[in-house]
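J.: If you scroll down you'll find the structure; I have some questions about it.
Computed from the coordinates by the stated procedures, all read-outs in this text should not be read as laboratory data. These numbers were taken from a predicted model, which means no experiment stands behind them. All Cβ positions, glycine included, derive from the backbone under ideal geometry; neighbour counts span all protein chains shown.
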Amino acid sequence: MTTQFFPVPPQGRGTSDIEAMDSYLLRLAREHGVSEYQFHSILAFWWNETKASHEHPLGRHIAYIQKVGHGGDIDTLIKAIERGTAQSGLASLTLSAFGDISGVHVGSFIKRVRCWCPACLRDQQRDGGVPYEKLLWRLQAVTRCHVHQIVLEDSCPACGGHQPRHVDTWPQCSVCNADLTAAEKTWRLAATPGSGEADMIQIVEYCAQHPSVIFQADAARQFWRLVRAEGSFFAPRSKESFHNRPVVQKTLIETLLRMAEEMQLPLLSILLDPVQAAAIRPLVMELPPGVSPPGRPRRHLSRSDIDRLGIQLRKALTVGAEPVSLKKVCEEFQSTTTAARYWFPELAQTLIAKNHNRIERQADQRDRALQALSLNADLVRRAELFGWHCVARELSEEFGIAVRRVRLRLAELKATERRSELGHPPPSSRRHAEERGKP
Ligand SMILES: [Zn+2]
Ligand SMILES: [Zn+2]
């Protein structure tokens, strides 16, 4: 049977290593010798000409949306590619399984910047394999590779550039063409999983094995109703972490993950069988005796609290007092900062201004420390032992300044040193010399 497009199979089928839809489409476009945007145009044209009348048309704007999410456009895209390439189960390259339970908006759950595990990219290329981007790497909840236990990278080790989503030069940097899997000594270990990571690995793997699964829309709500006890510790908190409304509301994946974490159950078990999950939930939802539920800051204060708040604010403003923020002062009374500003507008304003000054002064000090940095023997020795990237990170912690700025400063210093080694004076002094030489 001939297909409209080359029958390129997705990578990592049936496992948690499954490829992300964006990566698959980029590879598909490359196989056809066109750019991603051109491929979408060709695909949309072909689909709109040949689709049945009841099927949705495919717009070219699909090239711009997050293709690992879910929604009507993604469903049509999957259908079009599956028909065009005679592949099946492509829904598992996206989060389509959440289509009913979660809102269309996945923006905050998907990373804007491409991330990768350099060790995985290296493994993928063994025995002539294809390097590709895993679906897991695209998820906010996943910040490390669970196989190699290292932090996912998001910038090129050579030039520090991010990798654009619509360009496929994997595994080379699309900016400077350096190998993204090199620089092994810069890989950072990460032994402990982040929150939500285990849940998402389990879900991605399940969906890879069951590509047609769609989690039932009211699974979370049903689970919640079964475990929820009136007057329990979780009842007031539930209003913040999970909306329990009379009609089924679409919820965010982050919210589902948080609920599973709070309930200490795998999210997959809640989504697949909420009744069973509610039955096996082992925890009693009561507070231990003598513990009061965490309160929220109040806006209405008693007269005595207001007086004491005034005293504390004045104390914080006396000369030589320990620097303290307005929020910190308010915390003591469980008061909101709005309440403090209402009762003592001038005191609160002065304290805020004082804190601003302090923060600016500290930033100035840090800037000066960075400018005063020089390439002394100790620094060079440390760099020889551990590499410049380690030195930069240490200095960044020492000064409390972003690593990027420390790296820039170091590069500046190194450039100056190189110039002086070559016998060229630094540019500023050369300019002065020229000016002096002018008649
Ligand atoms: Zn890895
Ligand atoms: Zn680069």
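J.: Once the convex hull of the alpha carbons of region 1-100 is built, what does its volume come to per residue, in cubic angstrom?
T.: Values: hull volume 9.9 nm³, N = 100.
Each residue corresponds to 99 Å³ of Cα convex hull volume.
J.: Give the percent of DSSP beta bridges with both residues in the chain that are antiparallel, rounded to the nearest 5.
T.: The antiparallel fraction comes to roughly 80 percent.
J.: Same structure again: Rank-order 190-200, 115-125 by packing density, defined as the average count of other C-beta atoms within 10 Å over each peptide's residues, highest first. Walk me through the numbers on the way to the answer.
T.: Working: 190-200: 16.0, 115-125: 19.6.
Per-residue mean Cβ counts within 10 Å order the peptides as 115-125, 190-200.
J.: Another one. Would you list the P(r) distribution for the chain, with all Cα-Cα distances sorted into 20 Å bins from 0 and each bin expressed as a whole %?
T.: The calculated distribution, bin by bin, is 19, 38, 35, 8, 0.
J.: With springs connecting C-alpha atoms under 10 Å apart, model the chain as a Gaussian network and identify which of His356, His166, His54 has the largest mean-square fluctuation.
T.: His54
J.: Something else about it: Measuring from centroid to centroid over Cα atoms, what is the spacing of region 335-391 and region 1-60 in Å?
T.: Cα centres, region 335-391 to region 1-60: 50 Å.
J.: Quickly estimate the mean residue ellipticity at 222 nm for the chain, helices only: each DSSP H run with n ≥ 4 gives -39500 (n - 2.57), and the total goes over all residues, rounded to 500. Walk me through the numbers on the way to the answer.
T.: Working: 18 runs with 209 residues, N = 439.
Mean residue ellipticity, 222 nm, calculated: -14500 deg cm²/dmol.
J.: At q = 0.28 Å⁻¹, what is the log10 ratio I(q)/I(0) for region 373-425, with the Debye formula run over Cα points and no solvent?
T.: -1.13
J.: Please find, in a Gaussian network model of the chain (springs between Cα atoms separated by less than 10 Å), the residue of Leu152, Leu189, Leu351 whose mean-square fluctuation is greatest.
T.: In the Gaussian network model the winner is Leu351.
J.: Taking Rh as the Kirkwood radius computed over C-alpha pairs, what is the Stokes-Einstein D of region 43-159 at 4 °C in a medium of viscosity 1.567 mPa s, expressed in µm² per second? Show your work: numbers first, answer last.
T.: Values: Rh = 16.2 Å.
Answer from the Stokes-Einstein relation: 80 µm²/s.
J.: Hey, another quick one. In what sequence, highest mean first, do 381-392, 269-280, 132-143 appear when ranked by Cβ atoms within 10 angstrom?
T.: Most protected by this proxy first, the peptides run 132-143, 269-280, 381-392.
J.: Mind listing the lone cysteines of the chain, meaning no other Cys beta-carbon sits under 4.7 Å from theirs?
T.: When partners are defined as cysteine Cβ atoms under 4.7 Å apart, the chain leaves Cys115, Cys207, Cys330, Cys390 without one.
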